[in-house]
1. Taking Cα centroids, how far is the stretch 366-395 from the stretch 17-64 in Å?
2. Note down the net charge around Phe334, summing +1 for each Lys or Arg and -1 for each Asp or Glu among other residues with Cβ under 14 Å from its Cβ.
3. Could you work out how far the C-alpha centroid of the stretch 265-317 sits from that of the stretch 169-198, in angstrom?
4. Please report Rg (one decimal) and Dmax (integer) in Å for the Cα set of the stretch 61-191.
5. For the chain, what does the accessible surface come to per residue with a 1.4 Å probe? Please give it in Å².
6. Could you state the principal axis extents of the C-alpha atoms in the stretch 7-130, from the largest down, to the nearest angstrom?
7. Could you tell me the convex hull volume per residue, in Å³, taken over the Cα atoms of the chain?
8. Add +1 for every Lys or Arg and -1 for every Asp or Glu among the other residues with Cβ under 15 Å from the Cβ of Ala76, and state the total.
Amino acid sequence: MPSPPCFVPADAPALPLHPIDTARFPAWREAQPPHWQAWLDAHAFRGEPGSALVLPGVDGTPAAAVAGIGDPQDPASLGHLPLLLPPLAFRLVEGGPLALPADRALLGWGLGAYRFDRYLKTAKPTATLAVDAAAQAEALAVLEASCLVRDLVNTPTEHMGPDELEAEVRALATAHGAGFRCVRGTDLLAQNFPAIHAVGRASHREPRLIELTHGDAALPHLVLVGKGVCFDTGGLDLKPADGMRHMKKDMGGAAHAIALARLVLERALPVRLSLLVPAVENALGPDAYRPGEVIATRPGLAVEIDNTDAEGRVILGDALAYAAEQKPALLMDFATLTGAARIALGPDLPALFANRDALAQAYLEAGTAERDPLWRMPLWRPYLSYLKSGIADLANAGGSRMAGCVTAALYLERFVPEAQDWTHVDVYSWNDADRPGRPAGGEAQGLRAAWGFLKRRFAA
Ligand code: BES
Ligand code: ZN
Ligand code: ZN
């Protein structure tokens, strides 16, 4: 895999970059030459997280740099450096007072250097980091997967519709000799995916279920499912302008599932893998599904559409039911499912649901270890009463807006048999504003956690 342009080979000429934190800074400063001490003092540099300073040689040209680091285990603690430092090559100094794991450093640097430049005429150069790409194949793969999520989410719907999502999965299948299948349009009805068809039938782009399969049937079966709503207008229950503005990102769950599948394939995790992406546009049109309509679903539950904007759970129901028919060892889904999850936990903490305590525990622990946290929310069954319908088995929404991410997860749970191990992540997939290492726009959230969790569970 070619390294991204923010890296140079390990043996390339590069300036020393000293990582430091506030606790270790005073002692480190004492050990530096007097002109650096004066320079550090003149800039009031104290090693605070998010800070950096170029240190001059005696001729005034850059000779080194020092970087303020918060948590050395957190890739985000390096996120500020690629854009804050001048566009020169740097090499992290090893053996100093603050040890930075090379894999976390690479990841943080790469995430901080990311720019979505598809539509830009000129890309601004970043500072580069000298890395041993061969020794860091795992970290590079995780970085590329995270940037894939960002790219897929950032690409506007016109260039990232169901066709393009299908092409993305097809390319992944081709690259790894995996099986590929896609059920489109009215074939969804013939093959019993009626709910995916209902949600997507108004769009001029055919709704579909995209499927990748790979691996030996003797290995434990892992199924990854991602919500692929390429644009969510809300449907006939139209979103207001503010709420619709960023809905190109409503395929963020699919982006996470695709990126995770890529990691599984690239890093050859010993599993039999299925990737399922129900891909639709929740569009307006004469054929749009309507509030009050009762639609069929794959397992035979009749669902009354209370609100056409609660479309993600409707398409996921068919995909989860299809996945569960195969009785996999583990079923994981990812979805930009509710605004309510953001009200509860804010933009940076994905909501994790699991129907086994041990699954949730292991997932959360992986998130903590990877510095990619999630927070568990309850599958509180009594709230299922909020989704009662007078005329069907279930409604897709209800009058109460209480615990919206919980009721959405409970809806999904109706499509997952009790015996099936299952996790569900309700993810924002977006940064509302630029922060160091976290550029405004599409974001991978809980991806490293999911990958760490899978490695611990399935690695040979
Ligand atoms: N895609 C949205 C959820 C969403 C909105 C995620 C904003 C992230 C940011 C989803 O399809 C939706 O509209 N959900 C509704 C459900 C409601 C109608 C029951 C919501 O959350 O308001
Ligand atoms: Zn919606
Ligand atoms: Zn949606």
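The values are calculated or read from the model by the stated rules, or taken from the named source; none is laboratory data. What you see is a predicted model; the values in this text were computed from it and never measured. We place every Cβ from the backbone using ideal geometry, glycine too, and count neighbours over all the protein chains shown. Just so you know, the surface numbers come from the protein's heavy atoms only, side chains and all, with ligands and any DNA or RNA stripped out. Shrake-Rupley method; radii C 1.70, N 1.55, O 1.52, S 1.80 Å.
1. Using only Cα atoms, the two centres lie 49 Å from each other.
2. Value of the local net charge: 0.
3. 13 Å
4. Spelled out, the Cα radius of gyration and Dmax of the stretch 61-191 are 19.5, 70 Å.
5. 40 Å²
6. Rounded to whole Å, the extents work out to 46, 34, 28 Å.
7. Values: hull volume 70.2 nm³, N = 460.
Dividing the Cα hull volume of the chain by its residue count gives 153 Å³.
8. -4
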